Amino acid sequence: MNIDHRIKFRHLLCFLEVARQRSFAKAADLVAVSQPAISKTIGELEELLGARLFERSKAGVSLTPAGDTFLRYAGPCVQALRDGVNTLRDHDPQGGLLRVGALSTVESLLLPEAVLRLQREHAVTVSVVTGSSAHLLAQLKVGELDLVVGRMTDSPEIHGLAFEHLYSEAMTLVVRPDHPLLQGDLGDLRRLADYPLVLPLAGTTIRKYADSFFVQWGIPLTAQRLETLSPALSRRYVASSEAIWVAPRDAVRLDIRAGELVELALGIQEPGGSVGICTNVALPLPLAGQWFCTVLREVAEEYANGDT
């Protein structure tokens, strides 16, 4: 079936902004039109498609199943057109920009090494966006990112996207080198409750593993805790306190090697989930993205073999 010529670029832009903002008012501000105008535009698009795209409630605006399906195609379509225009304007037919979403689990080690190797072979500008899996996967769905790297298989936003497993990474508990818990045998794990904690944000994959660990061993979660996805903030907080950092091994591997952090000898191995690459099947991966995926696989294989 041919595309309905009555569907205009403005219909797609308004639809994408409402989907991103979950608000007609906020979307109207960003596309510089009035709220009645954007509501009319969405109404026209819904009529042309023969489907309701949004549900409106007191809690805000949410996508219907039809809207979610349309988002998977409209976002990449608009972004591909933007990329094509920018490529010609920049006189760069190879497309020298790679847009990567990175979860905190890969910020410290995997991503820097992969970017270094990529840029030794290719003249590519790598733009990295960090944040929660929900935020990054939402950007990937609308074509604002080329790929996302990290641990995200438990996120509901991964539906409709492709995930490639790279390696499994364990969770670990680390402290500063002169921490009281390092004096002698740890013994009763319930002693962990006597110290502040640094934990990933609630709802993240590794936080679920952390919560499960504390429940399994009967360790109450202290109220004195820092919840963050920032490795830099976590590192500084732990170095300046008696806090215990529940961290993905990637985030602290170099610190442990340098003697700046020490793993607690718990006598148990805690799981941490699957680290991998997420891509949007509705949008062809650019050449720079294909190169980058190859490098990521190489580095991940070295991790698995203990070479890095």
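A few points about this structure:
- Sorting 97-103, 118-124, 286-292 by their mean Cβ neighbour count within 10 Å, with the most densely packed peptide first, gives 97-103, 286-292, 118-124.
- Shape call, the stretch 24-172: gyration tensor on alpha carbons, a/c limit 1.5: oblate
- 3J(HN,Hα) along the stretch 128-141, derived from phi through the Karplus expression 6.51 cos²θ - 1.76 cosθ + 1.60 where θ = phi - 60°, amounts to 10, 10, 10, x, 6, 4, 4, 5, 5, 5, 5, 5, 5, 5 Hz, with x in place of Gly and Pro.
- Cα long-axis angle, helix 287-305 against the chain (0 to 90 degrees, to the nearest 10): 20 degrees
- Between the amide H of residue 225 and those of 197, distances stay under 5 Å, these residues lying 5 or more places away or on another chain, with hydrogens modeled in the peptide plane.
- Global geometry of the stretch 9-68, whether rounded, prolate or oblate, following the gyration tensor of its Cα atoms and the 1.5 cut on a/c: oblate
- Charge dipole (debye, nearest 20) of the stretch 171-263; +1 at Cβ of Lys and Arg, -1 at Cβ of Asp and Glu: 260 debye
- Dipole magnitude for the chain: about 1000 debye, using +1 per Lys or Arg Cβ and -1 per Asp or Glu Cβ, origin at the Cα centre.
- Dipole orientation for the stretch 46-199: of the candidates 73, 189, 152, 73 has the Cα lying most toward the positive pole (charges on Cβ; Lys, Arg +1; Asp, Glu -1).
- Sequence-separation-based contact order of the stretch 171-263, relative, with Cα cut under 8 Å and 6+ spacing, percent: 48 percent
- Counting only alpha carbon atoms, the long axis of helix 110-121 and the longest principal axis of the chain meet at about 60°.
- For residue 8, the lysines whose Cα comes closer than 22 Å to its Cα, not counting residues fewer than 8 places off in the same chain, are 26, 40, 141.
- Packing around the peptides 218-224, 17-23, 49-55, taken as the average count of other Cβ atoms within 10 Å per residue, puts them in this order, highest first: 17-23, 49-55, 218-224.
- The relative contact order of the chain comes to 22 percent, based on Cα pairs under 8 Å that sit 6 or more residues apart.
- Principal-axis tilt of helix 65-89 within the chain, Cα atoms, nearest 10 degrees: 80 degrees
- Residue exposure sequence - 152, 171 - by fewest surrounding Cβ within 10 Å: 171, 152
- Computed from backbone phi, the HN-Hα couplings of the stretch 171-179 come to 8, 9, 10, 10, 9, 5, x, 9, 5 Hz, rounded to whole numbers (Karplus: 6.51 cos²θ - 1.76 cosθ + 1.60, θ = phi - 60°; Gly and Pro given as x).
No lab work stands behind these numbers, since they all come straight from the coordinates. Here the structure is a predicted model, which means the values were calculated and not measured. Quick reminder, even Gly has a Cβ in these numbers, built from the backbone with ideal geometry, and neighbours come from all protein chains shown.
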